[in-house]
Each structure stands twice: as structure tokens, then as C-alpha cells.
Amino acid sequence: MSYIAYNKFTTRYLTKHSGVKTKLESFASYGAAQAAITREAKRGAINPTDFLIAEAVVFHKSIELTETVNNLMTGKPVVQSVNTPRCCDVSSELYWSM
């Protein structure tokens, strides 16, 4: 079982926020996720009250938001997770140049 630390308004992973040094998107325990939030808050990178922790399965199934982007090649709308990496985002040049 793994845990995700995420912004409660945007549902973006902790690692997706500017100034955050934590590289992990999921944590082995609830305590590890809480420690990452605490570390980043003490550094002044985030406001800890804006972040929550959830089990990965629950997060992906019922919490994570989606966004609609346009496919760069066809122009058709595509629904994807807000946490989709740029290399997998069909609306980015990086996806099409790989």
C-alpha cells in the first residue's frame, strides 16, 4: 500500500509544486508522506494546510481531477489526469518528438 501527498484544491502531487525538493510521488507509509509535507513546510516551499494524504488506490479512483487538453496533432480534445507527466501529455511537443 502506498500513499500520495497532494494539494487539496488542485489534486497535483506534492512534487509538482515549485520550490519543492521532494522527488517521490508516492510514499511507503502515511508517516513518510506527512514527514515530506512537514519538511517542505519548514523550508517555506508550501503551506501545509493546503495538502492532504490519501492511499494511492483511493486517490486515483475517486479524488484525482482530470483536465481536457487538445491533441497537438489532431486537435481533438483528450481527457487526462492533472498529474500526467509532460512526456505522456499528447498536448505537448515533447510527447510527439520522442
Check your understanding: Å³ per residue of the Cα convex hull, for the chain?
Key -> 106
Practice item. Would you mind getting me the FRET efficiency between ALA35 and VAL79? Use the beta-carbon distance for r and R0 = 25 Å, nearest 0.05. Key: 0.15
Study note, to complete from the structure: Under the helix-only model (-39500 (n - 2.57) for each DSSP H run of 4 or more, divided by the residues of the chain), the mean residue ellipticity at 222 nm, to 500 deg cm²/dmol, is -5500 deg cm²/dmol
Practice item. State, to one decimal in nm, how far the label point of VAL58 lies from the label point of ASN70, with both points 7 Å from Cα in the Cβ direction. Key: 3.9
Check your understanding: So, how do all the Cα-to-Cα distances of the stretch 1-54 break down into 5 Å bins, in percent, from 0 on up?
Key -> 4, 25, 38, 26, 7, 1
**Study point:** Burial ordering of TYR3, TYR30, fewest other beta-carbon atoms within 10 Å first
**Key:** TYR30, TYR3
Point to revise | Relative contact order [Cα under 8 Å, 6+ residues apart], the chain, whole percent | key: 26
Practice item. Any chance you could give the angle, 0 to 90 degrees and rounded to 10, that helix 30-43 forms with the longest Cα principal axis of the chain? Key: 90
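Read-outs: derived from the displayed coordinates by stated rules, not from any lab. On a predicted model such as this, the values are computed, not experimentally measured, just so you know. Cβ atoms come from the backbone with ideal geometry, glycine included; neighbour counts cover every protein chain shown.
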